[in-house]
Amino acid sequence: MNKKLTGKLASVFIASSCLFSGIAFAHSSESEKEQPQIMTKVQAGFYHFQLGDAKITALSDGSIGLDKSLLTNVHEHKVDKLLKNAYVESSTVDTSVNAYIISLKDKVILVDTGTGGLFGANLNKLSISLKNAGYTPEQVTDIVVTHFHGDHIGGLITDGKFTYPNATLHLNKKEVDYWLNQDLYAKAPEQGKKFFKDAIDVITPYIKSDKVKQFTGEDAKPVKLFDGMLAIQSHGHTAGHTFYEIESKGKKLVFWGDIVHIPQVQFVDPTVTIKFDSDAKQAEIQRQKAFADAASKGYLVAVSHMPFPGVGHLAKDSGKGYQWIPIPYVNNALGK
Ligand SMILES: [Zn+2]
């Protein structure tokens with residue numbers, strides 16, 4: 001990575017990382033009655049659909065409350081108004097953590113891996129969802145991750161072992177160069193170090209065991225990973241944040257990763273950013289570009305933190321915002 005960019009991102013990260021740790025996906029300290037109710041049973045956590053010849057399965061890792069105060073570049077009164085309009089009554093917004101399986105030809109590709117053990121027991125349900133969807137970890141041939149935050153890579157390791165023992169991990173070199181950079185790790189403030197430590201702990205064993213293929217390239221210039229699948233670099237949220245695009249029989253789906261965290265606000269006003277963004281201005285640019293492209297071309301998108309299964313279309317609304325149109329829930333296979 002270019003040194004100037006690394007330095008710039010490092011300073012942004014260091015400036016924001018105090019806010020990161022501890023409140024990343026944390027509940028607010030507001031009154032008890034405002035806390036979301038914890039469910040006593042696990043929900044069904046998979047959803048299948050077809051995209052041309054590809055079978056796509058959305059997998060839930062669970063959900064957690066994201067505090068509205070994490071949003072930036074917006075006045076809090078506006079946030080309150082938009083959340084009220086969306087019937088969100090607490091200061092935390094229920095947020096899904098989604099991952100996806102693409103089954104195409106001889107490949108079973110996992111897009112993001114959930115939190116693993118990094119965010120507590122209210123998440124970490126990806127393995128249950130995978131099993132219920134009819135897949136075993138051994139069947140996964142390839143893994144791609146949109147970026148190295150713990151809620152996307154944590155599930156790569158379970159109890160010190162590779163969760164998906166037969167899989168090759170495909171990584172954006174820019175993301176590797178940032179999060180595995182010992183200088184940046186050393187310079188990060190105490191609270192921010194966990195993000196580097198998690199990435200180092202999870203990714204290093206894969207690199208040492210020769211299970212990693214790294215790709216390089218420039219922003220917005222697609223890199224072919226497999227037949228029908230492209231990696232599209234989209235730095236902003238992190239230094240090497242990446243979209244993945246799959247196309248089959250003229251149908252297109254783009255996995256967007258962390259382009260949206262609180263949709264009730266960020267679809268209405270895509271200029272709103274979040275403290276998790278390494279480079280908020282660039283993250284905003286990527287969001288505006290991606291929203292406009294999806295709305296004008298009409299392809300499907302899959303989004304890590306949209307309400308499960310997090311797959312839908314976008315339509316431009318009459319102002320500067322967008323409307324989310326979730327895919328229909330179809331459950332018409334023969335029952336018992
Ligand atoms: Zn995320």
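List the number of the failed condition for LEU126; all other conditions in (1) away from the ligand (no atom under 14 Å from the Cβ); (2) of a type in the set (A, V, I, L, M); (3) in contact (Cβ under 8 Å) with a residue 60 or more places away in the chain hold.
(1)
Can you find a residue that is buried (at least 18 other Cβ atoms within 10 Å of the Cβ), at pLDDT 95 or above and touching an Asp or Glu at 6+ places or on another chain (Cβ under 7 Å) anywhere in region 101-108?
Checked against the condition, which is being buried (at least 18 other Cβ atoms within 10 Å of the Cβ), at pLDDT 95 or above and touching an Asp or Glu at 6+ places or on another chain (Cβ under 7 Å), region 101-108 yields no hits at all.
At least 2 residues that are among the basic types (Lys, Arg) in each: list the helices (runs of 4 or more DSSP H) lying fully within region 99-216 that qualify.
Result: 173-179, 193-208.
If I go through region 145-192 residue by residue, how many of them are within 16 Å of the ligand (Cβ to nearest atom), under 19 Å from GLN214 (Cβ atoms) and not hydroxyl-bearing (Ser, Thr, Tyr)?
Total satisfying the criteria: 10.
Please work out which residue is farthest from GLY240 (Cα to Cα), limiting yourself to region 189-220 and to residues that are among the aliphatic types (A, V, I, L, M) and out of contact with any helix residue (DSSP H, G or I) (no Cβ under 6 Å at 6 or more places or on another chain).
Top of the filtered list is ILE207.
Here is a list: THR158, THR242, THR216, THR168. Which entry is out of contact with any Cys (no Cβ under 9 Å at 6 or more places or on another chain) and under 22 Å from ASN124 (Cβ atoms)?
THR158
Among strands (runs of 3 or more DSSP E) lying entirely in region 220-293, which contain 2 or more residues that are more than 21 Å from GLY310 (Cα to Cα) and away from the ligand (no atom under 13 Å from the Cβ)?
Answer list for region 220-293: 223-226.
Which numbered condition in (1) closer than 24 Å to HIS237 by Cβ; (2) surrounded by fewer than 16 Cβ atoms within 10 Å (Cβ to Cβ); (3) at pLDDT 95 or above is the only one that LYS68 fails?
Going through (1) closer than 24 Å to HIS237 by Cβ; (2) surrounded by fewer than 16 Cβ atoms within 10 Å (Cβ to Cβ); (3) at pLDDT 95 or above one by one, LYS68 breaks only (2).
Condition test on LYS78, is it surrounded by fewer than 21 Cβ atoms within 10 Å (Cβ to Cβ), modelled with pLDDT of 95 or more and within 19 Å of SER127 (Cα to Cα)?
Judged against the criteria, LYS78 is not a match.
For residues that are touching a residue at least 60 places away in the same chain (Cβ under 8 Å) and touching a Ser or Thr at 6+ places or on another chain (Cβ under 8 Å), scanning just region 63-89, find the one that is nearest to ASN132 (Cα to Cα).
SER63
The values are calculated or read from the model by the stated rules, or taken from the named source; none is laboratory data. Because the structure is a prediction, the values reported are computed rather than measured. Virtual Cβ from ideal backbone geometry, glycine too; neighbours counted across all protein chains shown.
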